[in-house]
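The values are calculated or read from the model by the stated rules, or taken from the named source; none is laboratory data. Computed from a predicted model, the values in this text were never measured in an experiment. Here the Cβ positions follow ideal geometry from the backbone for every residue, glycine too, while neighbour counts run over all protein chains shown. Accessible surface areas use protein heavy atoms only, side chains included; no ligands, DNA or RNA. Shrake-Rupley method; radii C 1.70, N 1.55, O 1.52, S 1.80 Å.
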Amino acid sequence: VQLQAFGGGLVQAGGSQTLSCVASGGNFRMYNMGWFRQTPGKEREWVGAVSRSETRSYYADSVRGRFTISRDNAKNTMTLQMNSLKPEDTAVYYCAASSNLITSTTPASYAYWGQGTLVTVSS
């Protein structure tokens, strides 16, 4: 499956941004989907994930209550709605797909990755 993430940009602290991930070339419904982010010199950080069935979402403590992940299996898309953004949310955001049976927080569990989209939150 090929993934393409887009929607990044510059946003002021306290603002909102929506990222999208579009999948092609595979059966989107078969994959648990996740969002990760990375800043220079740091390891890729799990942001959250959504199950195959669209019914369950999971979040890192750092974003819970501010970010919402959803997916539309009919449209092969996943969305990351980010609210109340903070400067520390600045990162390149990646979407990823995992064929594991359970939703995972580790990058190694995801075999397919989008190209990343930069979100910059100004203070």
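Summary of values
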read-out	value
Output for the stretch 100-123, where each listed residue is in a loop (DSSP other than H, G, I, E, B) and touching a residue at least 40 places away in the same chain (Cβ under 8 Å)	ASN100, ILE102, THR103, SER104, THR105, THR106, TYR110, GLY114, GLN115, GLY116, SER123
Selection status of ARG64, modelled with pLDDT of 95 or more, farther than 21 Å from GLY116 by Cβ and not aliphatic (A, V, I, L, M)	yes
Unique residue being surrounded by 15 or more Cβ atoms within 10 Å (Cβ to Cβ), under 17 Å from THR120 (Cβ atoms) and in contact (Cβ under 8 Å) with a residue 40 or more places away in the chain when the list is THR90, THR77	THR90
Single residue of ALA74, ALA97 found to be out of contact with any Ser or Thr (no Cβ under 6 Å at 6 or more places or on another chain) and not in a loop (DSSP other than H, G, I, E, B)	ALA97
In the stretch 60-71, the residues that are surrounded by fewer than 19 Cβ atoms within 10 Å (Cβ to Cβ) and either not in a strand (DSSP E or B) or not β-branched (Val, Ile, Thr) (or both)	ALA60, ASP61, SER62, ARG64, GLY65, ARG66, SER70
Hey, VAL22 in contact (Cβ under 8 Å) with a residue 40 or more places away in the chain, on the phi < 0 side of the Ramachandran plot and within 15 Å of the chain's Cα centre (by Cα) or not	yes
Residue within the stretch 3-24 that is at pLDDT below 95, surrounded by 15 or more Cβ atoms within 10 Å (Cβ to Cβ) and assigned to a loop (DSSP other than H, G, I, E, B) present	no
Count of the stretch 93-115 residues which are small (Gly, Ala, Ser), more than 16 Å from GLY25 (Cα to Cα) and buried (at least 17 other Cβ atoms within 10 Å of the Cβ)	2
Condition check for ARG29: touching a Ser or Thr at 6+ places or on another chain (Cβ under 9 Å), under 21 Å from TYR112 (Cβ atoms), open to solvent by 40 Å² or more (accessible area, probe 1.4 Å) and outside any loop (DSSP other than H, G, I, E, B)	yes
